[in-house]
Amino acid sequence: MTTFTAYAALQAKEKFQLWQYEPTPLKDSEIEIQVTHNGLCHTDIHMRDNDWKISKFPLVAGHEVVGLVTEVGENVTNFQKGDRVGLGWIRNSCRVCYHCLQGEENICKQGYKGLIVGNHGGFADRVRSGADFAYRIPDTLDSASAAPLLCAGITVYAPLRTYIKYPGMKVGIVGIGGLGHLAIKFARAMGAEVIVLSSSADKATEAKEFGAHHFYKWESAEAKKDLTGSLDLLLITSSAELDWDLAFNLLANNGILCFLGIPVSSINVPLIPLIFGQKSVVGSIVGGRRLMQEMLDFAAINQIKPTVQTMPISQINEAIDIVLAGKPRYRIVLVSEER
C-alpha cells in the first residue's frame, strides 16, 4: 500500500494537522511529485475555511507546488524521473472548447478543475497530477522563488501580457502585496512606465526597489493632480473597497481597469467616462498553459523573483496566522522537511 503524508484540515476552519491517505493509482497520463516547496496563497485559507462552499474534507491544500518527479505514467512523454516541475491552480479542463484550444484553460467553457477542488494538493510529501498541467521549472529559477509564480505570478503576468501593447505604456498598480509586488517587477520588465498607488505611504521605497518609476498614496491630492486621465492600464491587485470614480478618472482614453482582487461588493460603473473615453472594465483569472510556461521562462530570463520568507511546512498554521495578520513580506514559501 502506498501512503502519502500530508497536512490536512479535517473540517472547515480547523487548523492543518498531519494526516495520511492512500492515493488513487497513478494513471497513464499522470506523474508523481516529491514535494519540496509550496507557496502559501490566501486561496488555500479560503478553501480551508470553505468560504466559497466548494471545499471537500479532509482538505489537503497547496496549489503553488514545486518538486521532483518520482514516478511517470506509461503515456507521459514530456517528463522523466528527476525533472523539477511545478503545479498551479488548474489541474485539468475540457481541452476541446475554443478557449482550451488556444491555451486559455483558465476560461474553459465547461469549467476547469482546480488542483485542490475535490483533489489533494501539495501540502504533502508527494502529490499526483496530470502531466499535461505540470510545468518545467527553468534551471535559473530556484524552487522557493518559482513556487509563488505558479499562482501569484501567472495571475499578474496574464493581464500585463495581454494589455501592455508597446513600450512606455503607463501602467498603474494598486496594492503592494503578494500580487502587487510581482506585478511591478513584470510590468517594468515588459517596458511599461510603472506607477504604484498604495494606501500605505511607507511602501514608497520598496515599490521603487521592485521597479516602480513613480509612487503615489491612493486618493492623495498629488495623485489626482498628476495622474488624472493618464493611465493606459490600472491593475487592481487588492480586494479592498476603493473609490471607483477616482479609478475611472485616472484612466486615459481607451484605458483599461483590470480587476484581480475581488472587492467585497459589486462596483457601480460610471457610464459617462466609460462611453465618452472608450474605457474598459475587465477581469482576469490566473492563466492557461500557454501563458504559464511563457511566464516561467520570462521570469527566468529576466530574473524576476518574488520576495519570499521561507518556513518549514511543519509551521503551516503559524504561517497562516502571519498571512491573516497581513504581515508576510511578500509571500511565504513552505519548505518540506525530511521525515
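Find how much the distance from R161 to D132 grows on full extension, using 0.36 nm per residue of separation minus their present alpha carbon separation; answer in nm with one decimal. Could you put the intermediate results ahead of the total?
Numbers: separation 29, 0.36 × 29 = 10.44 nm, distance 2.25 nm.
In short, 8.2 nm is gained.
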#### Entry: lysines whose Cα lies under 19 Å from that of K225, excluding same-chain neighbours fewer than 8 positions away
K170, K217
### Query
With labels modelled as points extended 7 Å from the Cα through the Cβ direction, what inter-label distance (nm, one decimal) is found for K224 paired with K56?
5.2 nm
### Query
Residue by residue through the stretch 250-262, which ³J(HN,Hα) values in whole Hz follow from phi under the Karplus form 6.51 cos²θ - 1.76 cosθ + 1.60 (θ = phi - 60°), with glycine and proline marked x?
6, 6, 6, 4, 6, x, 10, 9, 10, 9, 10, x, 10
## Note on the structure
With only helices counted (DSSP H, runs n ≥ 4, each -39500 (n - 2.57)), the per-residue ellipticity at 222 nm for the chain, to the nearest 500, works out to -7000 deg cm²/dmol
### Query
Most mobile of A212, A201, A146 per a Gaussian network model of the chain (Cα springs, under 10 Å)?
A201
### Query
When the chain is treated as a GNM, springs tying every alpha-carbon pair under 10 Å, which of C258, C41, C97 comes out with the largest mean-square fluctuation?
C97
### Summary
Non-local residues with an amide H under 5 Å from the amide H of G114, with H modelled 1.01 Å from N and Pro and chain starts lacking one, are R91
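Quick one: order W244, W218 by neighbouring beta-carbon count within 10 Å, fewest to most. Walk me through the numbers before you get to the answer.
Details: W244 16, W218 19.
Placing the least packed residue first, the sequence is W244, W218.
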### Task
Just rank K27, K165, fewest to most, by other beta-carbon atoms within 10 angstrom.
K165, K27
### Query
Which whole-angstrom value gives the distance between the alpha carbon centres of the stretch 151-175 and the stretch 93-108?
22 Å
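Which order do R331, R136, R84 fall in if you start with the one that has the fewest other Cβ atoms within 10 Å?
On the way: R331 28, R136 14, R84 18.
So the residues, fewest neighbours to most, are R136, R84, R331.
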### Query
Among the lysines, which fall within straight-line cross-link reach of K15, defined as a Cα-Cα distance under 18 Å, with same-chain neighbours fewer than 8 residues apart omitted?
K53, K56
## Note on the structure
The simple spin-label model distance between E337 and N249, using points 7 Å out along Cα→Cβ, in nm, is 5.3 nm
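FYI, it's all coordinate maths here, none of it is from the lab. Computed from a predicted structure; not experimentally measured. Ideal geometry is used to build each Cβ from the backbone, glycine not excepted, and the neighbour counts take in all protein chains shown.
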